[in-house]
Amino acid sequence: MKKIICITLIAALVLLTAGCGLKNKAENVKIDLGESDIFSLEDRESAAACIIKKYKHDKCITQLNNVYYAGDKGSISEQQSREGLDDQAYDEIIAFMVSFHTSEKASAEGFSPDEDYTGYLQIFGRNNGGEWKFIDGGYPPVW
């Protein structure tokens, strides 16, 4: 009888906590794709979608709040700062800014736990119009 009760309690705990990691972190995210003379609306939409996908799977982020295009100036600056770097050779680089809230365990990833971050840079690159790939993130230099 004790074995049945134990198994039932464990199963109940698993069911109660199973949804914790499945919370839609990007449920209320505000997206601003801005204007661009470099990237089409489709380019900016696909890059923003990559950012949302990245943050949905990030265990130290509890909520993604804002995603906005950093502008052509920011993207050009990031492109120029990476020219000649062998490990990040992309013919196009796009820069976005994000704001988010961290979890209690965020210090394992270098963030302060249970904090809001705003104006956090996200840089994605691609070649030949392919898929965007995450390159780097952090607080940006003044462009």
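When you filter the GluC sites (Glu not before Pro) in the stretch 39-136 for DSSP loop state and at most 14 other Cβ atoms inside 10 Å of their Cβ, you are left with Glu83, Glu104, Glu115, Glu131. In this model, which of Lys30/Lys105; Lys105/Lys133; Lys56/Lys105; Lys25/Lys54 are farther than 20 Å apart at the alpha-carbon? Pairs exceeding the cut-off: Lys30/Lys105; Lys105/Lys133. How charged is the neighbourhood of Leu33? Take every other residue with its Cβ under 13 Å from the Cβ of Leu33, and add Lys/Arg as +1 and Asp/Glu as -1. So the environment of Leu33 carries a net charge of -4.
Readers should treat all values here as calculations from the given coordinates under stated rules, not as data from a laboratory. This one's a predicted model, so the numbers in the text were calculated from it and none came from an experiment. Note: ideal-geometry Cβ built from the backbone for every residue, glycine included; neighbour counts use all protein chains shown.
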